[in-house]
Amino acid sequence: MNRSSRIFPKINPSSLRVRLTIGIAVFSALGLGSLATWTSWKMEQLLINSHKANIEQIASRLPFDVEVYSQMLPIQTALEKAVNNRATIDTLLWITNQNNSIVAKSSNLNPLSDTSAPELIALTKMPVKAQVYHIKGRSYVLCGGELKVQGQILGKISIAQDITRDQTMFVAMVQNVGIYTILVIIFISVGIAFYIRHSLQPLRQISRMTEAIQAEDLGEARLYLSNAPSEVKELAQTVNMMLSRLSEAWEKERQFTSNISHELRTSLTIVHGYLQSILRRQQNLTEIQKEALSTAASEAERTIQILQDLLDLVRADSGYLQLNMEPCILDNIVIEVVSMAQQNSSREILIEIENNPITIKADSNRIKQILLNLIDNAVKYSNPDTPINLQLKQLSNQVIIQICDKGFGIPLQHQSRIFERFYRVDAARTRTAGTGLGLSIVKTLVEKMGGSISVRSKLGEGTMFTISLPC
Ligand code: ADP
């Protein structure tokens, strides 16, 4: 993982972390958004209602004011005084008679200073209950009523309160609240993302630990989590119990395979021995009988080899595969193996040794087994007229053995799996008998001796197995 992908890991939409983060972020956005919207709407209502209450109160008080002033002043002067007394910078008042002509108006209702004044005055029907009107881009709360003094109707009162300034301030405040809400949502989402990531750490730990468990170490493999939440600890415990059960089952299976292979191999070895001795000693056998007996002997031998491979694999799994590691000269082993292989096949095997003698510490019998297996495969999976090459070279701290054939090759998609137990590439294609155990035993043995094996192959051109062993 490079630095940038560690800081900004790739977002996987189906991961629990992304789902939880998106879910919580959406819910907090909806919650905070609706709270902010509701608060703004409520505040707007409060603001408008307070204006409405204010002008409704003026409308109800004005007749009393006129009545009081009219006792001291002429009626026209009393009207003007009462109207101007109640007017403020934003509150406009005017009184009209039956013919809708203005009889008195507050001094701030001036068409020159207020462009909406003519339209306000032109409104013939004023609502008794205060209402909001929008005129020429400005907002007004309007309210009207009758001017009744001492039981006599003198005209109609009209009151308009300009609330544009308050509304502008309110809109600015709502915008600010909106911006803060968005910032808070982003902040919360980032915080939640980190928190969830941290909380899911134990799960990732479990996944890393279980990934590293191999069939061979099922017995000792246990998940240990120190600072995990109790639910995750419970999960780890359940996995541990499952590992114990798997380990027991695996052990039983190994035991079973080991016992059965051992028993069968012993009996078959005896059968094979008898068959060989009959073939050697009985001179009066017919050709058909001889052929039948040698087929039975070679099948018994092949089965003994399979059982031996199975036993080796089971022993390697349980850690009981004993290797007799001692210094040996590899050149001699290779030459011996090639001559052994040529006893069973007439195939041309070319040996190329770059620098000799090469001495390594290994189990010479196992090296022979490995090479015989690979040569046997090279013979099986190539045409009889093509040669097999065996190369041996020494590098600074390792020895390389290469077995090449010019055979059918292995399709790319199978190359990574051929070392698995019982894995065979399309048997029909190669038309040869086999068990799929050969390469897995080769790999196990090479690795037990501290080496490694790899394959390079091209369909129709051939295959090359490379073994590298430490010097
Ligand atoms: P087996 O030979 O008994 O089938 P192995 O484990 O030895 O089992 O090999 C696994 C598979 O790998 C074989 O079935 C064969 O398809 C493929 N394979 C192995 N060696 C070669 C080779 N030299 N050329 C082509 N295919 C090979």
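Each value in this text was obtained by applying a stated rule to the coordinates, not by laboratory testing. Please read all numbers here as calculations on a predicted model, not as lab measurements. Heads up, the Cβs are rebuilt from the backbone with ideal geometry, glycines too, and the neighbour counts pull from every protein chain shown.
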Item to check | Burial ordering of SER382, SER345, fewest other beta-carbon atoms within 10 Å first | outcome: SER345, SER382
Next on the checklist: Let's test the formula: R0 of 25 Å, r as the Cβ-Cβ distance of THR435 and GLU326. What FRET efficiency results, to the nearest 0.05?
Outcome noted: 0.25
Checklist entry - About its Cα centre, what dipole magnitude does the range 1-199 give when the only charges are +1 on Lys and Arg Cβ and -1 on Asp and Glu Cβ, stated in debye to the nearest 20? => result 1260 debye
Checklist entry - Amide H to amide H, which residues 5 or more places from ALA104 or on other chains are under 5 Å from it, using H placed in the peptide plane? => result ILE95
Checklist outcome for this item: Simple spin-label estimate for SER226/ARG315, 7 Å along Cα→Cβ, in nm, reads 4.2 nm
Item to check | Alpha-carbon centroids, the range 217-232 and the range 340-377: separation in whole Å | outcome: 46 Å
Checklist entry - Which entries in the list LYS361/LYS443; LYS81/LYS136; LYS393/LYS458 go over 26 Å, if you measure between the two C-alpha atoms of each? => result LYS81/LYS136
Checklist entry - With r defined as the distance between the Cβ atoms of SER298 and THR238 and R0 fixed at 56 Å, what FRET efficiency is calculated, to the nearest 0.05? => result 0.65
Checklist outcome for this item: Per the rule of 0.36 nm per residue minus the C-alpha distance, extending GLN398 to GLN131 adds in nm 86.5 nm
Item to check | Farthest positive-ward along the chain dipole, Cα basis, beta-carbon charges - from GLY155, GLN175, THR466 | outcome: GLY155
Checklist outcome for this item: Most exposed to least, judged by fewest other Cβ atoms within 10 Å, SER14, SER106 sort to SER14, SER106
Checklist entry - Which stretch or stretches of the range 377-391 have amide N atoms under 16 Å from the point lying 7 Å from HIS414's Cα along the Cα→Cβ direction? => result 377-383
Checklist entry - Stokes-Einstein D for the chain at 25 °C, 0.890 mPa s, Kirkwood Rh over Cα pairs, in µm²/s? => result 75 µm²/s
Checklist entry - Rounded if a/c is under 1.5, else prolate if a/b beats b/c, else oblate: with a ≥ b ≥ c from the C-alpha gyration tensor eigenvalues square-rooted, which is the range 131-186? => result prolate
Item to check | Cut-off under 5 Å, modelled amide H: who pairs with ILE388 long-range | outcome: GLU348, ILE349, LEU350
Next on the checklist: Less than 13 Å Cβ to Cβ from ALA59, Lys/Arg counted +1 and Asp/Glu -1: what total charge do the surrounding residues give?
Outcome noted: +3
Checklist outcome for this item: A chain fully extended from ASN100 to MET209 at 0.36 nm per residue, minus the present Cα-Cα distance, gains in nm 30.2 nm
Checklist entry - Does the range 167-266 come out rounded, prolate or oblate by the C-alpha gyration tensor, with a ≥ b ≥ c the root eigenvalues, rounded set by a/c under 1.5 and, if not, prolate when a/b is larger than b/c and oblate if not? => result prolate
Checklist outcome for this item: The whole-number value in µm²/s of the Stokes-Einstein translational diffusion coefficient for the range 1-199, with Rh from the Kirkwood sum over alpha carbon pairs at 25 °C and 0.890 mPa s, is 118 µm²/s
Checklist entry - What size of dipole, in debye to the nearest 20, comes out for the chain about its Cα centre when the only charges are +1 on Lys and Arg C-beta atoms and -1 on Asp and Glu C-beta atoms? => result 1160 debye
Checklist entry - Which Rg and Dmax, in Å, describe the Cα atoms of the range 84-189? => result 18.9, 68
Checklist entry - List the lysines whose alpha-carbon lies under 18 Å from that of LYS125, not counting same-chain residues fewer than 8 positions away? => result LYS52, LYS105, LYS148, LYS156
Next on the checklist: When a/c reaches 1.5 or more, the comparison of a/b and b/c decides; with that in mind, is the range 293-423 rounded, prolate or oblate per its Cα gyration tensor?
Outcome noted: rounded
Checklist entry - Going by average Cβ neighbours within 10 Å, how do the peptides 365-378, 388-401 rank, with the highest at the top? => result 365-378, 388-401
Checklist outcome for this item: Among ILE95, VAL83, GLN131, the residue whose Cα sits farthest towards the positive end of the charge dipole of the range 57-173 (+1 at Cβ of Lys and Arg, -1 at Cβ of Asp and Glu, taken about the Cα centre) is GLN131
Checklist entry - Of ASN227, ALA296, PRO384, which is farthest along the charge dipole of the chain in the positive direction, counting Lys and Arg as +1 and Asp and Glu as -1 at C-beta? => result ASN227
Checklist entry - Once Rh is set to the Kirkwood radius over Cα pairs, what Stokes-Einstein translational diffusion coefficient, in µm²/s, holds for the range 230-318 at a temperature of 25 °C and a viscosity of 0.890 mPa s? => result 152 µm²/s
Next on the checklist: Using a 7 Å offset from Cα along Cα-Cβ at ILE182, what residues in the range 17-31 end up with backbone N under 15 Å from the label point?
Outcome noted: 29-30
Checklist entry - Can you give the charge dipole size of the range 230-318 about its Cα centre, rounded to the nearest 20 debye, using +1 on the beta carbon of Lys and Arg and -1 on the beta carbon of Asp and Glu? => result 360 debye
Checklist entry - Between ASN85 and LYS252, what length in nm is gained on full extension when 0.36 nm per residue of separation is reduced by their alpha carbon distance? => result 49.6 nm
Item to check | LYS361-LEU279 FRET efficiency (beta carbon distance; Förster radius 45 Å; 0.05 resolution) | outcome: 0.65
